[in-house]
Structure formats: C-alpha cells, structure tokens
Amino acid sequence: MTDVTQRPPLPDHLSIDVDSPHHVAAVFERDIGIRLNDKDRFDVEEYCISEGWVKVPAGRALDRKGKPLLIKLKGKVEAFYR
C-alpha cells in the first residue's frame with residue numbers, strides 16, 4: 001500500500017506573510033519552488049502567476065513595522081512543489 005497525501009493546489013496569488021489575505025497555511029506544509037523567467041528564486045515573499053510578478057526583499061531595508069521592504073519583479077512566474 002502506498003500512502004499518497006494530496007497536496008493542495010497552488011493558488012494564483014500567494015504570500016508568506018501570515019497577516020496577508022493571500023496566505024494559505026496548508027500550502028506551506030510542503031516545500032514550494034518559484035521560478036521567475038526560467039530561473040529559480042529562493043527569496044520570494046509573494047507572487048501572482050496571472051499578473052506575472054513576484055515580490056522580493058530590497059536589500060536590508062526595513063519598513064516602519066520592521067518587515068523588509070519589497071520590490072516587484074515582473075516576468076514569467078511558475079510555482080511548483082519540490
């Protein structure tokens with residue numbers, strides 16, 4: 001017998017910030033990979049596949065709440081389970 005666990009489908013818009021309305025905790029139980037313009041990215045904080053962008057930290061700068069400042073990079077976005 002094989003134990004096959006169903007992975008939840010990856011949403012179109014996903015964020016790692018727990019305060020965001022686009023955060024889905026069930027998805028983060030598995031390791032997720034993000035590819036932007038055919039290159040793997042390991043620093044993605046948020047993505048949207050349909051609009052074609054990812055948000056990544058802008059260096060070491062922080063906003064007034066202590067979270068990293070994010071910049072939006074545009075291109076072909078692919079999300080997958082590793």
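Values in this text are rule-based calculations from the coordinates and carry no lab data. As the structure is a computational prediction, the values presented were derived from the model and not from experiment. Glycine also receives a Cβ, built like all others from the backbone with ideal geometry; neighbour counts cover every protein chain displayed.
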>> For the stretch 45-82, give me the residue count where each residue is at positive phi and part of a strand (DSSP E or B).
In response: 1
>> Being surrounded by 12 or more Cβ atoms within 10 Å (Cβ to Cβ) and part of a loop (DSSP other than H, G, I, E, B) is the filter here; which residues of the stretch 8-31 pass it?
In response: PRO8, LEU10, PRO11, ASP12, ILE16, ASP17, SER20, HIS22, HIS23, VAL24, ARG30
>> Restricting to the stretch 32-44, give me the number of residues that are among the acidic types (Asp, Glu) and either in a helix (DSSP H, G or I) or closer than 14 Å to VAL56 by Cα (or both).
In response: 2
